[in-house]
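Okay, so here's the structure we're looking at.
The values are calculated or read from the model by the stated rules, or taken from the named source; none is laboratory data. Since this is a predicted model, take the numbers as computed values, not measurements. Glycine gets a Cβ as well: all are built from the backbone with ideal geometry, and neighbour counts include every protein chain shown. When the accessible area is computed, the model is the full protein with side chains, heavy atoms only, and any ligands, DNA or RNA have been set aside. Shrake-Rupley method; radii C 1.70, N 1.55, O 1.52, S 1.80 Å.
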Amino acid sequence: SDVCSSDLSEPTTPSTEPSGEVTPSTDGVTEPANIPADGSELGEGQHSFTFQVQMADGTAYHYTVHTDEETVGAALVALGLIDGEEGSYGLYVTTVLGSTLDYDTDGYWWALSENGTDASVGVDSLPVNDGSTYAFTATKA
């Protein structure tokens, strides 16, 4: 019976260790693999708009975003869909859906549009208009 009890305890020890290691490595790390499924409805709130993304490789994503935020930028940042750096003109978006573009390195940048027209203001100044379509397109200079 001593052999059986040691056999039972040994397999459980290794199996708990890997799962304990996996959890911390994924916490707080935003990876492109975490892109929400195309067509997903994201967030909660009384306002809704369509959010489209076209990656540098041409892959396109479409989402319906629900929010109570006043601006498109605040809504997308709150959902973790975009990130960037604060600049003199507000938020300069460098990352969309975990994909970071660096104009200085690769000549690509994220172009923002509203209903197919280039946005005249930054994303954090763009008011949420119900039913509008806001898009970030990876654009080569």
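Taken as a whole, the structure places ALA78 among residues that are within 18 Å of GLY43 (Cβ to Cβ), open to solvent by 30 Å² or more (accessible area, probe 1.4 Å), free of Cβ contacts under 8 Å to residues at least 40 places away in the same chain and under 19 Å from the mean Cα position of the chain (by Cα).
Quick test for you: out of THR67, THR100, THR95, pick the one residue that is under 15 Å from SER132 (Cα atoms) and modelled with pLDDT of 95 or more. Answer to the check: THR67.
Output yes when any residue across the stretch 118-131 is within 14 Å of PHE51 (Cα to Cα), without any contact (Cβ under 8 Å) to a residue 60 or more places away in the chain and within 16 Å of the chain's Cα centre (by Cα), and no when none is. Yes - at least one qualifying residue is present in the stretch 118-131. Looking only at residues in the stretch 96-117 that are of a type in the set (S, T, N, Q) and touching a residue at least 24 places away in the same chain (Cβ under 8 Å), which one is surrounded by the most Cβ atoms within 10 Å (Cβ to Cβ)? Only one residue tops the list, namely SER99.
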